[in-house]
Structures are given as C-alpha cells and as structure tokens.
Amino acid sequence: MRVLVTGGAGYIGSHTVLALLANDIDVLVLDNFSNSYPQVLKRLEHLSEKKVPYVEGDILDVPFLEKVFAEHEIDAVIHFAGFKAVGESVEKPLKYYNNNITGTINLLEVMAKANVKNIVFSSSATVYGMTNPVPFKEEMPTSATNPYGYTKVVIERMINDVAASDPEWTVTNLRYFNPIGADKSGDIGELPSGIPNNLMPYITQVAIKKRDHLSVFGDDYDTPDGTGVRDYIHVVDLANGHVQALEKNMAEKGSKTYNLGTGKGVSVLDLVHTFEAVNGVKIPYEIVDRRPGDIATCYADVTKAKEELGWEAELSLEDMVRDSWNWQQKNPNGYEDSSDGSSN
Ligand code: WQD
C-alpha cells in the first residue's frame, strides 16, 4: 500500500512518515516546504533506512495535484498540509481559509477523479471550542474562536459530507490534543519559525538560552494551580495513532472521528516543573496576563480510539519532556545544522 502524506515534512507529518515506514507502508511525501525543510526527508531516510520519495508542490496547484495522482499509484492520503498558527490566522484570515479549505477541496476533487477515496485528516481539539465540558467527546458540537480553528471545523464537515455523498469514500478525522516530544533519536522534532506560539518549544528555547524566560499566560484560571491545563501527547504516540486509523480506514467505509490524546490534563507549571526535574535545567518564568482566546482546561475522552482503533497513548510526560529536550539540544539551530542524514 502507498500513502500520499501531504505536509509530510512537517512536525507531525514527519513522525507519521516514520511510523508508516516502520509498518512497511510505502509513502510519497507532498510538501511545499513553506513551513518545513527538505532536510527532514534526508533524516527520515537515515532513520528508516528506506527511501522517502517526495514531490514538491502546493495543494492550491490543481495541475500539480493531478500530475501526482496520474504518475503515482496512491491507495490513501493522510492530509497534514495546512497553515496552523492561531494568531496569524486572525491577522490573515483569507490566507488560512484559502490555503486550508480551498487546498483541501482541490485535494478531494483530484482524489475523486483518480478514484482514490481514502483519507485521514489532521484535525485538532480546537474544534471543541470554548463551551463544551471536559473531557471532550467526539460527538460533542464543534465550533471555533479563530479562523484557523474554523478551517478545521469546516474541513471536517466537508470530508464527512463527501463520505455521505458517495459510499465508496472512507474518511477519518483525527483530533489532536497537544502534541509535544520528538523521535528518540533527536533527529526530527518541532521547529517553529520565529517566536514559538506553543508552550513546549518555548520552554526548550529558554532551556538553550535562546529565550530569556517563559511568560506564563495567566495563573488565575479555575484550575488546580491557576495555569492552563492541556492534554499533552507524545508525537510518537500520535504518529502511531495515524497508522491504526489508516488501517481502520482501509477496512471500513464511511466517516469516523477520533480524539488522539492521553485523557490526562497537565498544567503549564506541571509541564515546567516536570521538564526541570527530568532534564535538570531551570526554566525561569514570569506570570503575565492571560492570552486572548485561551480556554482554562482542555483534555480528551479517549475511550473511542481505544475501543475502535485499539490505540492508546503509551509514552509518559517524562518521555515527552526528555525527548523534546534531546531534539532541541541536538539541533539548537533547527535543520540548518548539518547537510547529512542525521544531526550527529
Ligand atoms: C498551551 C498552554 C497557554 C505558550 C494550540 C492550538 C491548537 C494546536 C496546539 C495546532 C496554554 C500556555 C503557551 C507560552 C504559556 N495547534 N502558554 N506561555 O493553545 O493549547 O493549542 O496549539 O493544531 O490548535 O490552539 O497550545 O502550546 O499554545 O498553549 O503560558 O509561551 O500553555 O496559555 O495554557 P494550545 P499552546
């Protein structure tokens, strides 16, 4: 079986490519490298000891997409390609609606024409919005508080409607909670461009003294220590969840949605203190105002993925902070560090 992995050079995409290869599933990566690096694919070849073929191009380029499906035998698609910065989506909503939604429409139309009717979509816990009670369950209503979140809500709906219109389609939406960590090799990992929006990469950049201190966005939430609570999941567990979702997707038609989380809530200060204890690195921080749009608490009900996919997260918070630190230490300047296959 060969899977087209759009955005396969990205943080979650690259870890999923590694998991697919480890399960003897062939891949073809599609990426425009707008927020990733060709170097990642060289490292994936080094880690997997397998070829990682790729095509460079954009999901907004329909002739390019048509050429990919005409020239390659593709059985299924795992669709990561998309912009994902919440703040930027507020400043540039049309950039997000066009790239994420129009790009996905293009992909679905070209897939249908090529009679490839199997897709796993990279969705996000952000679709649970601000009003659902925790733990979040897949059947809860979806909404969003920013254009990025709305693109995920709309794309989930689009994909489900395509499956409802044609029984030949099998589609799966995977709602990620907060992915952190890195492959244990430390050769691939999360590499935000500019100032990190997300907590974990900000912590690791403080740890390598690239940033002076961490700003903790509020300690007056209704949570045990007042700081925001999230469901952090190791990116390797998340990647393995895609393999099991793909296998289910190939076996059963129709549309399915699963939370990929641990089911446990961890506060900002919990994460900081765990990072310090495991890695022996002090993380200076300052409590500042809340970040607009943040919710107090977000964590998953993980029953459905366990019952229907036979999947559950296995790696601990200690594994997550250890592997995040290992990646950052080995790659203080990201992927520019070396031209060979590994970061050694
Ligand atoms: C986690 C916690 C912050 C940074 C976002 C997207 C979501 C998904 C994951 C793409 C919160 C606090 C953060 C900092 C802090 N992205 N924080 N100081 O907001 O839960 O989710 O990223 O799919 O869609 O919404 O993740 O890592 O930004 O924040 O105190 O410098 O850390 O307030 O409580 P979030 P995050």
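Below is a table of values for the structure above.
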| read-out | value |
| --- | --- |
| Degrees separating the helix 38-48 axis from the principal Cα axis of the chain, which is the longest one | 90 |
| Calculated FRET value between Lys209 and Ile105, using beta carbons and R₀ = 30 Å, to 0.05 | 0.10 |
| Among Val77, Val52, Val235, residue whose mean-square fluctuation peaks in a GNM of the chain (springs only between Cα atoms under 10 Å) | Val52 |
| Too-long pairs where the Cα-Cα distance tops 18 Å, listed order kept, from Lys248/Lys304; Lys137/Lys306; Lys95/Lys210; Lys264/Lys304 | Lys95/Lys210 |
| Distance-filtered residues of the stretch 210-232 - backbone nitrogen under 19 Å, label point 7 angstrom along Lys282 Cα→Cβ | 210-216 |
| At R0 = 45 Å, FRET efficiency that the Cβ-Cβ distance of Met1 and Met130 yields, to 0.05 | 0.70 |
| DSSP beta bridge pairing in the stretch 2-337, given as percent antiparallel to the nearest 5 | 5 |
| Farthest toward positive dipole pole in the chain [+1 Lys/Arg, -1 Asp/Glu at C-beta], among Thr102, Ala182, Ile78 | Thr102 |
| Within the stretch 1-19, backbone nitrogen closer than 17 Å to the virtual label 7 Å beyond the Cα of Met158 toward Cβ | 6-7 |
| Reach of Lys113 by Cα under 19 Å, taken over lysines that are not fewer than 8 positions away in the same chain | Lys67, Lys253 |
| Stretchable slack from Val90 to Lys137, in nm (0.36 nm times residue separation minus alpha-carbon distance) | 14.3 nm |
| Net dipole in debye of the chain [+1 Lys, Arg Cβ; -1 Asp, Glu Cβ; about Cα centre; nearest 20] | 280 |
| 5 angstrom amide H check on Lys256, placed H, neighbours 5+ away | Val171, Thr172, Asn173 |
| Proximal aspartates and glutamates to Lys282, defined as alpha-carbon separation beneath 14 angstrom and excluding residues fewer than eight positions away on the same chain | Asp212, Asp270 |
| Simple spin-label estimate for Lys306 and Asp222 in nanometres, 7 Å along Cα-Cβ | 2.7 |
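Here, each number is a calculation from the coordinates, and none is a lab measurement. For clarity, every value in this text was computed on a predicted model and none was experimentally measured. Positions of Cβ are generated from backbone atoms using ideal geometry, with glycine treated the same way; all protein chains shown enter the neighbour counts.
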